[in-house]
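For reference, the structure is listed below as structure tokens.
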Amino acid sequence: MKPLIVGIVLGLTMVMGFSMVYAQMSTFEMRGTGAAVLNTENPQIFISSIRMDLPSTSSINQGLVTLSGGSSTVVARFIADQWSFSYANDGSFHGAGPAQTNQHDVYNISLDGSRVYSTSDGSMWKVSATMQETGKNLVLEYLLIGKDPVPTVSVPNTATVLIPNGNSAEASKGFFVPLNLEIIRGTNVIWQNQDNIGHTIQSIDKDGNIIPLFNSGVLGTGDTFNHQFNTPGTYHYYCSIHPWRIGVVTVS
């Protein structure tokens with residue numbers, strides 16, 4: 001198998017190969033499914049899934065990554081007793097260890113996760129990972145959901161939009177980074193001015209008319225402004241000093 005770039009993983013999937021004994025022993029579980037892209041001159045789309053069973057905040061019972069596309073399927077099961085794992089009180093975690101395929105290929109996997117949302121029913125994590133075997137290097141990006149080892153419903157859910165330096169001229173590009181921020185309901189968005197002149201964040205409707213939803217006033221260099229979006233929808237805004245600069249926040 002050639003190097004892959006693995007896309008975001010969403011949702012839940014049951015994967016064959018986990019014994020009932022381990023499932024009963026597991027205290028916490030994170031799992032999801034998604035897509036993978038073969039990173040060659042002729043890219044190929046794969047379906048991918050990941051699952052981890054955690055008995056505590058410092059170890060893994062069992063884990064598994066699958067990649068399937070066309071006529072090929074790769075199943076890599078964690079060699080759990082050779083893994084290191086740590087889960088922090090802020091919902092972040094790091095894990096590293098080997099995983100073996102049915103063909104006895106061994107991949108070294110490294111996972112770094114951050115909790116992006118927490119509720120009384122469970123949590124969501126964004127996970128960046130690498131999966132490496134001789135001549136085969138994979139980069140993975142996952143969104144996982146499951147039971148939380150440290151359940152805290154008051155976890156701050158934030159996102160940042162940057163106003164980069166040197167972008168006040170009408171001809172320049174990329175004034176708001178990102179231009180279209182996609183978030184979930186309840187997220188507190190923080191705009192930060194990194195430019196050497198002042199800017200504003202003013203809410204407008206889709207036709208460009210000012211609406212009184214939020215208005216930062218003039219933000220100097222280094223200043224921030226925040227607004228929490230609690231209702232799904234599409235929100236437009238602009239800089240009243242440089243009105244050709246517009247941005248969008250999409251709330252799901």
task: Work out how much length THR119 to ILE190 would gain on full extension: take 0.36 nm times their residue separation and subtract the Cα-Cα distance, in nm to one decimal.
output: 23.4 nm
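Kindly state, to the nearest 0.05, the FRET efficiency for GLN82 paired with ALA35, given R0 = 22 Å and r defined as their beta-carbon distance. Don't jump to the answer; show the numbers that get you there.
On the way: r = 28 Å, r/R0 = 1.29.
Once rounded, the FRET efficiency stands at 0.20.
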message: In whole Å, what are the extents of the range 102-234 along the principal axes defined by its C-alpha atoms, from largest to smallest?
response: 61, 39, 28
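From the Cα trace of the range 49-114, what convex hull volume per residue do you get, rounded to a whole Å³?
Numbers: hull volume 5.2 nm³, N = 66.
Per residue, the Cα convex hull of the range 49-114 comes to 79 Å³.
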Inter-site label distance for ASP205 and THR231 at 7 Å from Cα along Cβ, in nm: 1.3 nm
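Any number yet on Rg/Rh for the range 158-251, C-alpha, Kirkwood? Before the final figure, lay out each step's value.
On the way: Rg = 12.1 Å, Rh = 13.1 Å.
Result: Rg/Rh = 0.93.
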task: Sum up the charges of everything whose Cβ sits under 12 Å from the Cβ of ILE201, counting Lys and Arg as +1 and Asp and Glu as -1, but leave ILE201 out.
output: 0
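A short reminder: the numbers here are calculations on the coordinates, not readings from a lab. None of the values given here were measured: they were computed from a predicted structure. Cβ atoms come from the backbone with ideal geometry, glycine included; neighbour counts cover every protein chain shown.
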